[in-house]
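What follows is calculated from the coordinates using simple rules that are stated; it is not laboratory data. In this text the structure is predicted, and so the values were computed from the model without any measurement.
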Amino acid sequence: MSATENIDSVIAKINKLRELAGHRNDNPNEAASAAAAAAILIDKFQLSEADLIIKGQQNAEPIEIIREALHESGRVMQWIKELTQVLCDHYGCTWYINTEFNPSKVFEKTQSKKRGTIKQFICVGRKSDFEIIKYFFTWLKETINDLIVANARGMGMEYSQNYGCGCVNGIRFQLANEHNKLKEEAARLNQSTAMVMLDKRAVEAEAFLRATIKLGKAPSSKLGRNLDAFVQGTKRGKNIQLKTGLGSGNNSPNKLGK
């Protein structure tokens with residue numbers, strides 16, 4: 001079984017655990033236990049895969065440019081870019097923006113035509129790592145968007161985008177804590193070498209990207225800073241339940257309020 005097939009199996013298990021955690025309201029302890037188990041499955045999966053490679057029991061996956069876009073839109077929000085970066089850093093990939101002409105949008109501007117474009121987020125790394133990133137990204141993008149609607153609507157673009165960036169910052173803290181726990185687990189299981197290999201994956205993906213594609217200079221963000229929105233978003237992001245919400249995307253704004 002390939003690493004990609006393995007991660008598909010892990011995600012299927014997580015979906016079952018999430019469903020149990022979300023719908024077995026008659027037994028909160030069982031639901032909490034299922035949610036906690038879901039949270040550690042992916043990190044342990046990656047660690048065990050790296051350990052098998054070191055022991056020669058499994059071939060390493062090749063690094064590649066993943067042709068399936070993680071995200072695409074005409075306008076790129078800063079918090080979505082930051083979410084992509086956080087997930088790629090944590091799960092061993094890198095990414096870049098590919099701009100494509102959008103034939104459905106051609107705008108008249110004075111005497112000339114200004115073409116509409118679509119921005120595609122393209123990941124570079126191992127396919128199984130991309131599947132993990134896509135799984136988290138799909139849920140967290142929707143969750144953060146719901147939080148922005150619930151807590152920042154009507155407060156202006158600058159406030160709402162800074163609130164979203166704060167949410168991502170809170171998720172960054174959560175993932176960093178999980179990473180430290182995984183290091184402790186790796187040391188306990190004599191898998192420190194596998195942990196080192198795991199930590200190198202994003203760097204290796206970045207080197208592959210730089211050697212394969214000549215990238216232009218990324219435009220700097222024009223987003224103004226709103227410290228209050230960022231702080232409020234960070235507080236909320238630290239409390240996004242990565243354990244209970246893994247893969248769901250069905251949280252309502254009422255459940256996601258302050």
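Hey, what do the phi angles of segment 123-139 turn into as Karplus ³J(HN,Hα) couplings, whole Hz, using 6.51/-1.76/1.60 and θ = phi - 60°, x for Gly and Pro?
8, 10, x, 7, 4, 5, 5, 4, 4, 5, 4, 4, 4, 5, 4, 4, 6
Per residue of segment 53-59, in order, report the coupling 6.51 cos²θ - 1.76 cosθ + 1.60 (Karplus, θ = phi - 60°) as ³J(HN,Hα) in whole Hz, putting x for Gly and Pro.
5, 4, 7, x, 8, 7, 7
Hey, got the Cα dimensions of segment 120-222 along the principal axes, in Å, largest first?
For segment 120-222, the Cα extents along the three principal axes come out at 52, 38, 21 Å.
Can you list the HN-Hα couplings for segment 175-185, worked out from phi with the Karplus curve (6.51, -1.76, 1.60; θ = phi - 60°), rounded to whole Hz and with x for Gly and Pro?
Once θ is set to phi - 60°, the couplings for segment 175-185 become 5, 5, 5, 5, 5, 5, 5, 5, 4, 5, 5 Hz.
Give me the extension gain from ARG75 to MET155: residue separation times 0.36 nm, minus the current Cα-Cα distance, reported in nm with one decimal.
26.8 nm
Long-range amide H contacts for THR117: which residues qualify at under 5 Å (H placed 1.01 Å from N, peptide plane, sequence gap of 5 or more or a different chain)?
Amide H to amide H, under 5 Å and 5 or more residues apart or across chains, THR117 pairs with ASN102.
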